[in-house]
Amino acid sequence: KKIAIVIHGGAGVIKRENMTPEKDKAYREKLDEALNAGYSILENGGTSEEAVISAIMILENSPLFNAGKGAVLTHNEECELDASIMFGKNLNAGAVAGVKTVKNPILAAQAVMHNSKHVMLSGKGADTFAEEQNLELVEANYFITERRHKSLLKAKELEQSQGYIERGNDEGNNNFKYG
Amino acid sequence: TVGAVALDQSGNIVAGTSTGGMTNKKYGRVGDSPIIGAGTYANNNTCGISCTGHGEYFIRLGVAKDVSDQMKYQNKSIEEASEHTIQDQLTEIGGTGGLVGLDKDGNIVMEFNTPGMFRGYKKTKETTVVKIYK
């Protein structure tokens, strides 16, 4: 029986010249950790759902990526997190949008898939649902890192001079999107 | 954005995606990541897909299901379908980003139209592959 796992940690203007060897190494090691965690589950007879959740949680818990801890900040200096999951056997799916207190949003999406009759929950209601599902909650500032805060301040400076700007969501992405 | 797609010993495909969205976003903006069919899709008969990129474009194209539909209705391989969706359709309307996916036979795709994408895969009897740049 064939097993496989593939992951990503975001796409964008990632230039070699902007990456220090240490940073490059840190990204590769974290991706490797997530891949091996997921693959190990598959190799030992675990499900693809368990493998996906395991890999994504490792990436969510790493401040290197724009998900979970280390997520980018909104204009109001908060993190609003989105996640989704889909099961290919029966097309069952779950998603959350704009959650602010669930430590691992992918677990909230999974809970929506299994424990609600809905596909997507959003905002405060999604956070309330996650709490009722006994998922781990954190203070909103758990997600905020200095690096992302600096990025927001830079975007706001440009906003002052050029009008409203949404900054591209990916590592090293210097393309600015105009809303 | 982060994402993962896996195929287990029972032949089940699952895809998942998680994100913080875009810096400085307002008005409760939501991208493609939580939208089933846009940022995430899985079907055991075709493929599983997880996307990353400028969400508004991925929503308009329904990128993740678009790949699956090409496989289902046009008998394309996952490689052909992903290349068409990202390099032709997404690029044509000015969208940037990429996707990772796998099909029911464990074939892997990592397609993107940006200079880089943090990505990797591991499959039966093969060593782990991790890449960043194009």
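Details
- Among the residues making up the range B:97-134, those that are within 7 Å of chain A (Cβ to nearest Cβ) and outside any strand (DSSP E or B) are B:Asp105, B:Gly106, B:Thr114, B:Pro115, B:Thr124, B:Thr128.
- Residue list for the range B:60-79, restricted to those being more than 12 Å from chain A (Cβ to nearest Cβ) and assigned to a helix (DSSP H, G or I): B:Arg60, B:Leu61, B:Val63, B:Asp66, B:Val67, B:Asp69, B:Gln70, B:Met71, B:Lys72, B:Tyr73, B:Gln74, B:Glu79
- For the range B:1-54, the tally of residues that are free of Cβ contacts under 8 Å to residues at least 40 places away in the same chain, in a loop (DSSP other than H, G, I, E, B) and out of contact with any Cys (no Cβ under 9 Å at 6 or more places or on another chain) stands at 17.
- Pick from the range B:34-54, criterion small (Gly, Ala, Ser) and at the interface with chain A (Cβ under 8 Å from one of its Cβ atoms), ranking: farthest from A:Glu49 (Cα to Cα): B:Gly53
- Here A:Met120 passes the criteria (1) modelled with pLDDT of 95 or more; (2) in contact with a helix residue (DSSP H, G or I) (Cβ under 8 Å, 6 or more places away or on another chain); (3) more than 8 Å from chain B (Cβ to nearest Cβ) except the one numbered (3).
- Residue check for A:Asn44: out of contact with any strand residue (DSSP E or B) (no Cβ under 6 Å at 6 or more places or on another chain), within 7 Å of chain B (Cβ to nearest Cβ) and polar (S, T, N, Q): no
- Summed over the range A:25-80, the residues that are in contact with a Cys (Cβ under 6 Å, 6 or more places away or on another chain) and on the phi > 0 side of the Ramachandran plot give a count of 0.
Condition check ((1) within 18 Å of the chain's Cα centre (by Cα); (2) at pLDDT below 95; (3) aliphatic (A, V, I, L, M); (4) crowded, with 18+ Cβ neighbours inside 10 Å) across all residues:
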residue	(1), (2), (3), (4)
A:Glu33	yes, no, no, no
A:Ser40	no, no, no, no
A:Asn66	yes, no, no, yes
A:Thr74	yes, no, no, yes
A:Asn90	no, no, no, no
A:Ala93	yes, no, yes, yes
A:Val96	yes, no, yes, yes
A:Thr101	yes, no, no, yes
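- B:Gly106 being surrounded by fewer than 24 Cβ atoms within 10 Å (Cβ to Cβ) and in contact with a strand residue (DSSP E or B) (Cβ under 8 Å, 6 or more places away or on another chain): yes
- Consider the range A:50-63 and keep the residues that are touching a helix residue (DSSP H, G or I) at 6+ places or on another chain (Cβ under 6 Å) and more than 8 Å from chain B (Cβ to nearest Cβ). The one that is surrounded by the fewest Cβ atoms within 10 Å (Cβ to Cβ) is A:Glu50.
- Residues of the range B:8-30 classified as more than 7 Å from chain A (Cβ to nearest Cβ) and farther than 20 Å from A:Leu91 by Cβ, total: 2
- Scope the range A:1-23; condition at the interface with another protein chain (Cβ under 7 Å from one of its Cβ atoms) and either closer than 20 Å to B:Gly20 by Cβ or in a helix (DSSP H, G or I) (or both); matching residues: A:Ile7, A:His8, A:Gly9, A:Gly10, A:Ala11, A:Gly12, A:Val13, A:Ile14, A:Arg16
The values are calculated or read from the model by the stated rules, or taken from the named source; none is laboratory data. In this text the structure is predicted, and so the values were computed from the model without any measurement. So basically every Cβ, Gly included, is an ideal-geometry build from the backbone, and we count neighbours across all protein chains shown.
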